[in-house]
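Everything below concerns the one structure shown next.
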Amino acid sequence: WATDFGGALGRDNPSNLPNFVDGLPVGVKAKAVSAGAWTSVALLENGQVYAWGFGPDVGPATGFTGQAEVPTAQRVNLPGVIAVGIATRYRNSLVLTSGGEVYGFGRSSTSQEGYVAQININLVKAIAVGDGHGLALRYDGTVWAWGVDNHGQMGGVGDSVNPVQVPGLPPIKAITATSYGSFALDEAGNVWSWGQRIVLGRTGDTTPARIDGLTGVK
């Protein structure tokens, strides 16, 4: 429901009232959904991923080409992969597999705009995505980032197509990303932030640091 920029509602008759997304396989339940500005993604219980929305971001990943919009759900081209997690923001999407690998598609999730491409990282247990950067949390508690660092959301390490480790963090157990910043929860229940100062919840710069006054967070 809500606005239908780029076909992000996934049906032929947009409405501000909740209604079903068209094109998903009958009899298969979804276990996760994620919404960007012009793109929406669903993860099904069978490990398949479906997407719909802005044509240049979704079409190459699904094979649905030749239109400005992908108006109904289409299966993302991930042959032989069982997906266990998805993340979408703005026009970027990431997929986490059961083997700890990460794939991306959309505007700037990978160097191959629109097409599905594997990110050069493994042993990943969680993913997050911003407007122009991605985050991966590995099983060893380290956080890795790739994309643009124009607001310091990669930890001030600079732009990079390949994932680089975010410096200065203790062992981390959860991550999330926004348009202008990145956040991590450590094993002691503290929250860390880096990126543009206005969203950090603390004073400082792009270097990762703990947000004062937040403890026991889960």
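The values are calculated or read from the model by the stated rules, or taken from the named source; none is laboratory data. Source: prediction; values computed, not measured. Cβ sites come from the backbone with ideal geometry, for glycine too, and all protein chains shown count toward neighbours. We work out accessible area using only protein heavy atoms, side chains counted, and drop any ligands, DNA or RNA first. Shrake-Rupley method; radii C 1.70, N 1.55, O 1.52, S 1.80 Å.
Residues that are aliphatic (A, V, I, L, M): find the strands (runs of 3 or more DSSP E) completely inside region 121-218 holding 2 or more of those.
124-129, 133-138, 143-147, 160-165, 172-177, 181-186
From (1) open to solvent by less than 50 Å² (accessible area, probe 1.4 Å); (2) touching a Pro at 6+ places or on another chain (Cβ under 9 Å); (3) among the aromatic types (Phe, Trp, Tyr), pick out the condition that doesn't hold for TRP144.
Failed condition: (1).
Could you list, in sequence order, all residues of region 25-51 that are part of a strand (DSSP E or B), among the aliphatic types (A, V, I, L, M) and open to solvent by less than 70 Å² (accessible area, probe 1.4 Å)?
ALA30, ALA32, VAL41, ALA42, LEU43, LEU44, VAL49, ALA51
Scan GLN165, GLN196 and give me the residue that is in contact with a Ser or Thr (Cβ under 7 Å, 6 or more places away or on another chain) and not aromatic (Phe, Trp, Tyr).
So the residue among GLN165, GLN196 that is in contact with a Ser or Thr (Cβ under 7 Å, 6 or more places away or on another chain) and not aromatic (Phe, Trp, Tyr) is GLN165.
Determine whether GLY156 is open to solvent by 20 Å² or more (accessible area, probe 1.4 Å), in contact (Cβ under 8 Å) with a residue 40 or more places away in the chain and at positive phi.
yes
Of these, ARG107, ARG138, ARG89, which one is surrounded by fewer than 23 Cβ atoms within 10 Å (Cβ to Cβ) and either under 14 Å from SER182 (Cβ atoms) or in contact with a Lys or Arg (Cβ under 6 Å, 6 or more places away or on another chain) (or both)?
ARG107
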